[in-house]
Amino acid sequence: MLQCDDFAPDSERASVELLYTVTQPPTIALDVPTRTAPNGTRIFVDSSFAGYENVDCLVDGALQTPGATTGGCSWASADTPADHWVCFVLPKPRTVSGLKLDWANWKDTYWTSDRFEIFTWNGDRWQRAARVQGNQAAPTTTHTFAPRTTDRVLLWQPSGGGHPEYQGVCWLTEVTLLP
Ligand SMILES: [Ca+2]
């Protein structure tokens with residue numbers, strides 16, 4: 001609470017309440033099982049839903065067909081209250097200015113995550129590039145930021161940040177790093 005005398009001829013004081021939320025950059029361990037995509041990008045995830053371990057599908061250039069199976073052509077995290085994340089470790093640094101995210105479709109719904117953040121690695125620590133809140137359901141959502149050169153990009157979904165009707169998962173069919 002911040003207060004000061006506002007010098008008005010009354011007994012009231014001007015006051016304003018400031019609330020801060022301090023969020024630490026996520027701590028992730030890149031020691032989980034990984035897959036290496038044909039383009040040399042290594043992909044790490046926090047977890048996978050049973051039957052949805054095929055993380056290569058996130059960078060194969062192909063999209064799931066709505067109404068068709070989601071198996072094999074989409075990756076889903078486990079359905080848990082934990083934070084979920086996908087980390088792309090590139091073969092060499094490149095310019096990245098955003099992510100284009102193609103979401104899985106199931107039961108006529110795009111399971112677009114509601115809240116997530118995008119981080120890039122500066123060689124020493126994660127730097128927040130974008131924070132997304134209230135992301136609307138859509139086949140594709142695009143999130144841009146000031147271009148930077150990096151060899152690691154992290155899509156990080158905090159606990160409960162999934163689609164409002166499926167908050168415990170992150171479910172994607174393709175992730176494109178924008179140059
Ligand atoms: Ca794909």
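Worth pointing out:
- Environment charge at residue 47 (Cβ cut-off 11 Å; Lys +1, Arg +1, Asp -1, Glu -1): -4
- Charge dipole (Cα centre; +1 on Lys/Arg Cβ, -1 on Asp/Glu Cβ; no other charges) of region 28-178 amounts to roughly 560 debye.
- When each of 159, 113 is scored by the number of other beta-carbon atoms lying within 10 Å, the sequence from fewest to most is 159, 113.
- Charge sum, other residues only, whose C-beta stays under 14 Å from residue 137's C-beta, Lys/Arg counted +1 and Asp/Glu -1: -2
- Working from label points 7 Å from Cα in the Cα-to-Cβ sense, the residue 138 to residue 18 distance is 3.4 nm.
- Computing FRET efficiency as 1/(1 + (r/R0)^6) for residue 178 and residue 80, where r is the C-beta to C-beta distance and R0 is 35 Å, gives about 0.75.
- Exposed chymotrypsin sites (Phe, Trp or Tyr not before Pro) absent - longest run of the chain, DSSP non-H/G/I/E/B, at most 12 other C-beta within 10 Å: 21-179
- Shape class for region 18-120, computed from the alpha carbon gyration tensor (a ≥ b ≥ c): oblate, with a/c not under 1.5 and a/b at or below b/c.
Every number in this text was worked out from the coordinates using simple rules, so none of it is lab data. Computed from a predicted model, the values in this text were never measured in an experiment. We place every Cβ from the backbone using ideal geometry, glycine too, and count neighbours over all the protein chains shown.
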